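Report on the structure given below.
No lab work stands behind these numbers, since they all come straight from the coordinates. The structure displayed is predicted, hence computed values, not measured ones. Neighbour counts are summed over all protein chains in view; Cβ atoms, including those assigned to glycine, are modelled from backbone coordinates with ideal geometry.
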Amino acid sequence: MIDLYTWSTPNGRKVSIMLEEIGLAYEVHPIDIGKREQFAPDFLRISPNNKIPAIVDRDNGMSLFESGAILMYLAAKSGKLMPKEGEPYWRTIEWLMWQMGGVGPMFGQVHHFVRYNKGKAPYAEERYLEEARRLYRVLDRRLGEVEYLAGAYSIADIATWPWVSRFEWQTIDLKQYPNVLRWYKAIAERPAVQRGYHVPNRQPGIPMP
């Protein structure tokens, strides 16, 4: 049994989608970041960086924070959605790191400046929007070569897709990135993704272009 501490954000959805995909039993503990519950002492003991998501594995008592580390842990525990060796393994790690180091931080800045603070910092808005567009071009080129980021569906896709699902927040027209659009729709149709998207709270629905 996995205890999942999460909220309805792209990083939070990575882990709930992963848990649904691999079929591990889990219990959800909502951490309302709007109410600053991530700063509670009990949560700090699990997630020293005061960020969601975090997990506790009841099988061994291990706690983990950082969504990428959690995805790797769950893949290793279940033996699913991450190749075990060779080039497929490293392609999965490569694109997972691309998401962790690029897509997440840069798209997050777009959300901050463009969605929540529009007009306050025009230079920052343009800088992060242009970087988001560049990352979409990288993603589109890659998905023109392969069906999924590492070839087969993997934790690299699970890490990236929730951030792309906020394309409206990023003022991105997915129709301008046809390979991303194909990939996005295919993943959105997966039953596990549809279930995991609505953890911990049911949302209006997965955004569709």
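Pairs from the list Lys14/Lys77; Lys118/Lys185; Lys51/Lys185; Lys80/Lys185; Lys14/Lys35; Lys14/Lys80 with a Cα-Cα gap above 24 Å: Lys118/Lys185; Lys51/Lys185. The modelled label-to-label distance for the pair Tyr116/Trp90, using points 7 Å beyond Cα in the direction of Cβ, is 3.8 nm.
When peptides 182-193, 62-73 are sorted by average Cβ neighbour count within 10 Å, with the highest value leading, the order is 62-73, 182-193.
Taking trypsin sites (Lys or Arg not before Pro) across segment 1-40, the ones in a DSSP loop with at most 13 further Cβ atoms lying within 10 angstrom of their Cβ are Arg36. Straightening the chain between Ala76 and Asp32 buys 13.0 nm, computed as 0.36 nm per residue apart minus the Cα-Cα spacing.
Considering only beta bridges that DSSP places wholly inside the chain, some 65 percent are antiparallel. Between Asp42 and Met208, residue separation times 0.36 nm minus the direct Cα-Cα distance comes to 56.0 nm.
Taking the average, over residues, of other Cβ atoms within 10 Å as the packing measure, peptides 107-116, 23-32 rank 107-116, 23-32 from highest down. Across Asp57, Asp42, Asp173, mean-square fluctuation computed from a Gaussian network of the chain (C-alpha pairs under 10 Å connected) peaks at Asp42.
The alpha-carbon of Lys120 sits under 18 angstrom from the alpha-carbons of these aspartates and glutamates, leaving out residues fewer than 8 places away in its chain: Glu130.
In this structure, the amide hydrogen of His29, modeled 1.01 Å from its nitrogen in the peptide plane, lies closer than 5 angstrom to those of Leu4, Tyr5, Thr6, counting only residues at least 5 positions away or on a different chain. At R0 = 35 Å, how high is the FRET efficiency between Asn201 and Ala69 if r is their beta carbon distance? Nearest 0.05 is fine. Working from the Cβ atoms, E equals 0.90.
Building the convex hull from the alpha-carbon atoms of segment 2-81 and averaging its projection over directions returns 4.7 nm².
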